[in-house]
Structure formats: C-alpha cells, structure tokens
1. Could you grab me the full set of residues in the stretch 27-45 that are touching a strand residue (DSSP E or B) at 6+ places or on another chain (Cβ under 6 Å) and either at pLDDT below 95 or in a helix (DSSP H, G or I) (or both)?
2. At pLDDT below 95, of a type in the set (S, T, N, Q) and farther than 22 Å from I263 by Cα: does that describe T49?
3. Mind listing just one residue for me: the one in the stretch 209-224 that is touching a residue at least 24 places away in the same chain (Cβ under 8 Å) and either of a type in the set (K, R) or touching an Asp or Glu at 6+ places or on another chain (Cβ under 7 Å) (or both) and, of those, farthest from E320 (Cα to Cα)?
4. Which one of the conditions (1) outside the structural domain of S316 (by TED's automatic domain parsing); (2) of a type outside the set (D, E); (3) assigned to a strand (DSSP E or B) does T178 fail to meet, given that it meets all the rest?
5. Could you check the stretch 116-136 and list, in sequence order, the residues that are out of contact with any Phe, Trp or Tyr (no Cβ under 9 Å at 6 or more places or on another chain) and not in a strand (DSSP E or B)?
6. Give the residues of the stretch 238-278 that are over 11 Å from V214 (Cβ atoms), of a type in the set (V, I, T) and part of a strand (DSSP E or B), sorted by residue number.
7. Whether any residue in the stretch 206-215 is closer than 25 Å to I74 by Cα and part of a loop (DSSP other than H, G, I, E, B) is what I want to check.
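The values are calculated or read from the model by the stated rules, or taken from the named source; none is laboratory data. Remember, it's a predicted structure, so these values are computed and weren't measured experimentally. Cβ: placed from backbone, ideal geometry, glycine included. Neighbour counts: every protein chain shown.
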Amino acid sequence: MNILLTSVGRRSYLITYFKEALGEKGEIHVSNSSDVTPAFSYADHSTITPFIYEENYIPFLLNYCIEKKIDAIISLFDIDLPILSANKSLFEEVGTRVIVSCESVINICNDKLETYYFLKKNGFNVPKTYHSLTDVLHALRNNEIHFPVIIKPRWGMGSIGVFEAETELELKVLFNKTISNIKNSYLKYMANGSLVTSVLIQEKLMGQEYGLDVINDLNARYQNTIVKKKFSMRSGETDCAETVDYPILKSLGKSISERLQHIANLDIDVFMSNDTPFILEMNARFGGGYPFSHMAGVNLPLAIVKWIRGEAASKSLIEEKYGVIGHKDINVIHLKKYEIAKTT
C-alpha cells in the first residue's frame, strides 16, 4: 500500500506514525508546495506540488497518484481539505481513496461561522459570536457581551490574525489588523473576495481548555473520544497536554460525531467554564494535539491503514491510557534539496 500525505509542512511525526503503520508493506509519499519542508526528510518519497488554488493542482496530484500507484490520500492542511473532498470521484477513477470527510462536513469545520451555526442548531454550547464590527459594538454597548473579546479569521488556522481586545479602540484597530493579516496570507483564498465578512469576534471564555480527538471509522461510525487537558499552546497548537478521563467530554465527542458524521479524526477545542463545556473550534483532520493521543497508546494511523484494507481495527488501537503527559520538543532538520524529487 502506498499513501500520499499532502501539505505536510512540519508534521514530521505523522510521517513517522504512518511509516510504522505500513511497515515493510508500503511506502509513504508526501507533498508540499515548498521544498523548505522538514517532513520531506522523513518520507520514502516527496514531491513539490503547485499551490493548492492553482488550476493544475488536482491534475498534478492525479498524475502523481497514477505514476506512483497511490492507494490513499490524507491531507494535513485545512485549505487542502475542500479541494480534495470536491474531487474525490476523480481520484477514485484512478484507484486512489481520499481519506477526507464530505464537502458539507469540511465546510462546517473550516468556516468558523458555519461551525457556530451547526453547534447552536444541535444544542451545543458555544461562545457568543459576531461577524460584523457593527453587531459586536451594538452588543457591547447593550451589555450583551463584555470585554475582553477575541478577534479571529472566519477561516483561520494556527494563530494567524488572532487578537484579544480589551477596549473599543483596540477592537476597531485589531479588527482591521486581522483583515490585513488575512489579506497578506493564504487565508485570503478562503475569504471568497469579502475580507470584511471574513472576521469573527467572540466573547473570551474563562476556564480550562481541553482538546478532543473524536475518532470515527471510514464509514463515519463512532469509535472513541480522547480527552486531553491543555497546559500550554504555541502558534495555535497544543504544546503540552495530559490525557484525562472526563466522561462529560467523552460524551460530548460522541454526540458531535453522531451529528456531524465525519471520517477518521475530528480535532475539537473545548473550554470548561463554570462546569459547562463550550466548543470553540472543530477541524476535520489530524490536529496538532494528536501526538499526545498517540503517546497515550492510540494508533489512528494503523487503524486507518487497516480500514483502507477492509480489515477491522482492534479496539486497542483507539483506546488511550490516562495520565500520560507530553510536551513537544524543537529540533533542527538539515534540508537536503537533492533528496527532493519534483514531479513535472
């Protein structure tokens, strides 16, 4: 079996996990739009792709899948997900399975305003959210919401364009700063031409933050929820966390799974505020918090490999040990350009 991981960036640990899952029975291929990519050093094969929003991106991947006999594609980047999901049938025609949720699921997760609407509609708690400066100023002046507030991109990743405002002046300045950050980053491709409506303002919640890995099989059947207590963050990702037994949050993960119907992993950020869970965001992919689940005994990459093969994944592959604490490290990788095979 050959698996292609797209938009790999620096998620080197996932390449290692999938290589271990395949063993000697396949190869891990990786792709990115830049050769300055640490994860390239860990894969069996690597290739540089066109940018995701270029017309030849999908044709390039299709040709690569045919040439390298790729059995499955898994993306690690939010912007990549809707493009791959929309073109699943084209990959199926060449014998490649796209391990990405359906377009409606991807839209709900990528568009944080749609996330808010979905969660509200299904009875889940969410922070008060506004998508216009006029609306939030009106709410503040009517004491419907109070400072501080969080300003962030509607289609956001990591910590790009995320700010905290404590006054009306800061709110106005940082709202425009977020628009500027979107305009000058890859987030502009998801803004659909309207930068003003691509910013959200939310109430700031006080409490403890948790990360959930909600695992479904490839037929969207619920398997497990792994709960991690977050101790620190870096660049929008979990930096230090501990797996915990928290029945309320496990039940929450199952409820979302049943309503959303995603496949494989769903990464969820939750705040426990006054003993009530509030959902901040959902990402329909491997999140930056997955390594802590893996360290605690979960092996979703191996489960995915088995599911692709049509085999059952034992329960032990998706069960965690509690009380496992992990902290991410920083390493420097020597990038050797001669190792990179650019397909044309």
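1. D35, A39, F40, listed by residue number.
2. no
3. This residue is E209.
4. For T178, the failing item is (3).
5. Y116, Y117, L119, K120, K121, N122, G123, K128, S132, T134, D135
6. T238, T243, V244, T276
7. Looking for residues that are closer than 25 Å to I74 by Cα and part of a loop (DSSP other than H, G, I, E, B), one finds none in the stretch 206-215, hence no.
Listed here are the residues, each with its yes/no results for (1) in the same structural domain as D78 (by TED's automatic domain parsing); (2) without any contact (Cβ under 8 Å) to a residue 12 or more places away in the chain; (3) farther than 15 Å from D217 by Cβ; (4) out of contact with any helix residue (DSSP H, G or I) (no Cβ under 8 Å at 6 or more places or on another chain).
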{"site": "L252", "(1), (2), (3), (4)": "no, no, yes, yes"}
{"site": "V270", "(1), (2), (3), (4)": "no, no, yes, no"}
{"site": "T276", "(1), (2), (3), (4)": "no, no, yes, yes"}
{"site": "N299", "(1), (2), (3), (4)": "no, no, no, no"}
